[in-house]
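J.: One structure, as structure tokens, below. Some questions next.
The values are calculated or read from the model by the stated rules, or taken from the named source; none is laboratory data. On a predicted model such as this, the values are computed, not experimentally measured, just so you know. Glycine gets a Cβ as well: all are built from the backbone with ideal geometry, and neighbour counts include every protein chain shown. Heads up: the accessible areas ignore ligands, DNA and RNA and are worked out on the full protein's heavy atoms, side chains in. Shrake-Rupley method; radii C 1.70, N 1.55, O 1.52, S 1.80 Å.
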Amino acid sequence: MDNERSNNILSDLTGLAKFTGRVVHHLINPPFENREMLKQSYFIGYKTLPLIAVTAFILGLVLTLQSRPVLVDFGAETLLPGMISVSIVREIGPVVTALICAGKIGSGIGAELGSMKVTEQIDAMEVSGTNPMKFLVATRVVATTLMLPILVFFADAISFIGSFIAVNLHGDISARLFLTDAFTPLHFYDLIPATIKSFFFGFAIGVIGCYKGYTAGFGTEAVGRAANSAVVVASVAIFVIDMLVVQLQHSMEALQF
Amino acid sequence: MVRLEHLNKTFQDNEVLKDVNLSIPRGENAVIIGQSGIGKSVLIKCMVRLLEPDAGLIEILGEEVTRLEEEKLNALRKKIGFLFQGNALYDSMSVRENLEFPLVRNNMAGTKKDLEHKVLEALDNVGLRKTIDMMPSELSGGMKKRIGLARTLILKPEIILYDEPTTGLDPITSKEISNLIISLQQQYHTTSIIITHDISCVEITANKIHVLKDGILYASGRYEEMKQSNDPWIYNFFN
């Protein structure tokens with residue numbers, strides 16, 4: 001049983017690697033489906049904004065409220081905006097946004113393509129002379145890859161608003177002072193790893209969602225399975241990518257790049 | 001027009017098509033019948049390379065399908081219509097968008113007026129002009145089948161492959177679809193390959209019947225010949 005499970009995981013990983021290769025091939029070779037890519041960017045980016053806004057606002061608020069008592073005990077309350085901004089920009093903003101997108105976008109892509117596969121819509125597209133890898137897959141992968149960093153910036157900004165409100169629940173601090181305190185410990189190079197990993201998160205969510213949908217089996221049950229495993233695998237991938245980028249970042253800092 | 005030689009297709013240990021040889025001349029309505037799960041759909045999916053055959057030759061309109069590069073394969077696919085068993089209408093698009101899609105994708109749309117004209121003409125052919133702005137989820141099974149047929153015909157293919165065109169329909173709608181296949185075939189002078197196990201559809205549409213059994217073409221003939229066959233399996237299937 002364990003051997004069978006290991007074989008399944010291995011064959012799934014091999015399939016995913018081959019699929020990623022095909023996606024990259026279609027991403028770099030014309031013709032490009034720009035119109036469909038813009039349409040997908042609108043759905044993936046704009047339509048996810050409200051969910052990201054609500055979550056990011058609550059995240060900033062709660063993180064500040066939870067962190068405050070410890071800093072007050074050490075008499076370091078003034079460090080609160082800086083600590084929150086570093087946590088959000090470096091780590092929590094990108095990871096939480098990516099996890100939310102894995103849940104909303106990854107499952108959506110998995111279910112949509114899974115349903116199209118089960119009802120032979122992908123085959124119909126192929127026999128009518130349209131390459132579904134280009135039209136359905138490449139466009140969605142580009143859209144998730146480009147939209148995720150934008151959503152992360154947006155989430156970071158909204159979290160700051162939540163944090164500012166939380167700080168003002170226990171005191172009186174102007175927006176200008178809050179922003180000064182928040183941005184002082186932040187450096188430009190804090191943004192670089194966060195942005196780079198956001199691109200990778202977006203790519204992983206798009207590729208995994210498409211792979212799971214595209215390789216869904218038969219019947220309605222397969223659609224549910226595709227959506228579910230798209231979320232699970234993409235979530236794990238996000239943590240693995242995060243770990244690798246953080247390790248890389250630390251190694252480069254140690255080498256004083 | 002369509003020639004298959006020694007076609008072979010296996011799924012894991014299951015040898016679905018063993019050694020299929022078939023020739024269909026231009027203008028013929030060929031019906032391929034056989035029990036469920038025998039590999040009829042696999043056969044026509046191999047013809048358009050939705051499935052890759054393991055061995056054998058597939059020649060359609062003078063082109064050897066299995067050796068074609070993607071670009072040439074897509075050019076050939078424009079000349080082959082495929083009506084899927086479950087219609088395969090794009091459920092995120094309206095009926096209009098479903099019909100426009102193949103035209104736009106193959107640069108055959110022309111002006112906006114031409115595109116509208118082609119869509120309306122296709123809908124008139126299947127008697128469903130009023131559904132133009134409806135979504136597939138709002139259509140009945142028979143209507144979906146007709147819209148699927150309209151989408152298949154919109155590129156004016158030379159060959160149409162029908163995968164179980166009457167499955168899941170009531171006898172009256174099933175007969176209507178079978179008659180529609182015949183009238184459209186006469187109007188557009190297409191060659192048709194129809195996969196079915198609906199005997200009434202066979203009776204209405206078939207010029208020639210090919211029986212697929214145990215992975216090979218077991219028998220061929222006209223409807224009357226099949227109905228009076230001395231072979232007990234064929235006789236039972238048709239009676």
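J.: Does any residue of the range A:110-123 turn out to be touching a Pro at 6+ places or on another chain (Cβ under 7 Å) and crowded, with 21+ Cβ neighbours inside 10 Å? Spell out the reasoning first.
T.: Of the residues in the range A:110-123, the ones touching a Pro at 6+ places or on another chain (Cβ under 7 Å) are A:122.
Cutting the leftovers down to crowded, with 21+ Cβ neighbours inside 10 Å gives us A:122.
Yes; the residues of the range A:110-123 include at least one that is touching a Pro at 6+ places or on another chain (Cβ under 7 Å) and crowded, with 21+ Cβ neighbours inside 10 Å.
J.: On to the next question. Kindly establish whether B:Gly27 is small (Gly, Ala, Ser), open to solvent by less than 60 Å² (accessible area, probe 1.4 Å) and at the interface with chain A (Cβ under 10 Å from one of its Cβ atoms).
T.: Answer is no for this residue.
J.: What do you reckon, is A:Ser85 over 25 Å from A:Cys210 (Cβ atoms) and polar (S, T, N, Q)?
T.: Judged against the criteria, A:Ser85 is a match.
J.: Restricting to the range B:1-45, name every residue that is in a strand (DSSP E or B) and without any contact (Cβ under 8 Å) to a residue 60 or more places away in the chain.
T.: Passing the criteria: B:Arg3, B:Leu4, B:Glu5, B:His6, B:Leu7, B:Asn8, B:Lys9, B:Thr10, B:Phe11, B:Asn14, B:Ser23.
J.: Among the residues of the range B:85-121, which ones are open to solvent by less than 10 Å² (accessible area, probe 1.4 Å) and either among the charged types (D, E, K, R) or more than 12 Å from chain A (Cβ to nearest Cβ) (or both)?
T.: B:Val95, B:Val119, listed by residue number.
J.: Looking at B:Ile159, B:Ile154, can you tell me which residue is touching a Ser or Thr at 6+ places or on another chain (Cβ under 8 Å) and buried (at least 19 other Cβ atoms within 10 Å of the Cβ)?
T.: That would be B:Ile159, the only listed residue that is touching a Ser or Thr at 6+ places or on another chain (Cβ under 8 Å) and buried (at least 19 other Cβ atoms within 10 Å of the Cβ).
J.: Which residue out of A:Ala230, A:Ala237 is surrounded by 16 or more Cβ atoms within 10 Å (Cβ to Cβ) and over 17 Å from A:Gly93 (Cα atoms)?
T.: After applying the criteria, what remains is A:Ala230.
J.: What number of residues within the range B:75-84 satisfy the criterion of being more than 9 Å from chain A (Cβ to nearest Cβ) and open to solvent by 50 Å² or more (accessible area, probe 1.4 Å)?
T.: We begin by selecting, within the range B:75-84, every residue more than 9 Å from chain A (Cβ to nearest Cβ); these are B:76, B:79, B:83.
If we keep only those that are open to solvent by 50 Å² or more (accessible area, probe 1.4 Å) as well, we get B:79.
Final tally of qualifying residues: 1.
J.: Restricting attention to the range A:184-210, and to residues there that are polar (S, T, N, Q) and assigned to a helix (DSSP H, G or I), which single residue is surrounded by the most Cβ atoms within 10 Å (Cβ to Cβ)?
T.: Start the filter on the range A:184-210 by keeping residues that are polar (S, T, N, Q), which leaves A:184, A:195, A:198.
With the extra rule that they be assigned to a helix (DSSP H, G or I), the set shrinks to A:195, A:198.
Numbers: A:Thr195: 15, A:Ser198: 27.
Among those that are polar (S, T, N, Q) and assigned to a helix (DSSP H, G or I), it is A:Ser198.
J.: Related question: Name every residue in the range A:240-252 that is β-branched (Val, Ile, Thr) and open to solvent by 30 Å² or more (accessible area, probe 1.4 Å), in order of residue number.
T.: Hits for the range A:240-252 are A:Val240, A:Ile241, A:Val246.
J.: Follow-up question, since we're still on this one. Given the structure, is A:Val54 more than 26 Å from A:Val246 (Cα to Cα), at pLDDT 95 or above and open to solvent by less than 10 Å² (accessible area, probe 1.4 Å)?
T.: So A:Val54 does not fit the description; no.
J.: Which of the residues that make up the range A:124-154 are more than 28 Å from B:Lys79 (Cβ to Cβ) and open to solvent by 30 Å² or more (accessible area, probe 1.4 Å)? Steps first, answer last, please.
T.: In the first step, residues of the range A:124-154 are kept if they are more than 28 Å from B:Lys79 (Cβ to Cβ); the result is A:140-154.
If the condition is that a residue be more than 28 Å from B:Lys79 (Cβ to Cβ) and open to solvent by 30 Å² or more (accessible area, probe 1.4 Å), then A:Val142, A:Leu146, A:Met147, A:Ile150, A:Phe153, A:Phe154 are the ones that fit.
J.: Let me ask you something else. Quick one: how many residues across the range B:48-65 are part of a loop (DSSP other than H, G, I, E, B), open to solvent by 40 Å² or more (accessible area, probe 1.4 Å) and away from chain A (no Cβ under 13 Å)?
T.: Number of matching residues: 3.
J.: Tell me, yes or no, whether the range B:142-164 has at least one residue that is more than 14 Å from the chain's Cα centre (by Cα) and more than 25 Å from A:Ser128 (Cβ to Cβ).
T.: No, there is no match, as no residue in the range B:142-164 is more than 14 Å from the chain's Cα centre (by Cα) and more than 25 Å from A:Ser128 (Cβ to Cβ).
J.: Could I ask something else about it? Scan the range B:231-239 and tell me whether some residue there is assigned to a strand (DSSP E or B), in contact (Cβ under 8 Å) with a residue 60 or more places away in the chain and not β-branched (Val, Ile, Thr).
T.: Scanning the range B:231-239, I find no residue that is assigned to a strand (DSSP E or B), in contact (Cβ under 8 Å) with a residue 60 or more places away in the chain and not β-branched (Val, Ile, Thr), so the answer is no.
J.: Return the residue satisfying two criteria in turn: it lies in the range B:190-230 and is assigned to a strand (DSSP E or B) and open to solvent by 10 Å² or more (accessible area, probe 1.4 Å), and of such residues it is nearest to B:Asn179 (Cα to Cα).
T.: Here the answer is B:Lys208.
J.: Any idea which of B:Lys45, B:Lys72, B:Lys9 is within 14 Å of another protein chain (Cβ to nearest Cβ) and in contact with a helix residue (DSSP H, G or I) (Cβ under 9 Å, 6 or more places away or on another chain)?
T.: So the residue among B:Lys45, B:Lys72, B:Lys9 that is within 14 Å of another protein chain (Cβ to nearest Cβ) and in contact with a helix residue (DSSP H, G or I) (Cβ under 9 Å, 6 or more places away or on another chain) is B:Lys45.
J.: Search the range A:1-42 for residues being outside any helix (DSSP H, G or I) and of a type in the set (A, V, I, L, M, F, W, C), and hand back the single one that is most open to solvent (accessible area, probe 1.4 Å).
T.: Filtering the range A:1-42 for residues outside any helix (DSSP H, G or I) gives A:1, A:29-33.
Checking the rest, the ones that are also of a type in the set (A, V, I, L, M, F, W, C) come to A:1, A:32.
Working: A:Met1: 161, A:Phe32: 107 Å².
Result: A:Met1.
J.: Residues that are away from chain B (no Cβ under 14 Å) and in contact (Cβ under 8 Å) with a residue 12 or more places away in the chain: find the helices (runs of 4 or more DSSP H) completely inside the range A:60-157 holding 1 or more of those.
T.: Ranges flagged: A:80-87, A:93-101, A:107-118.
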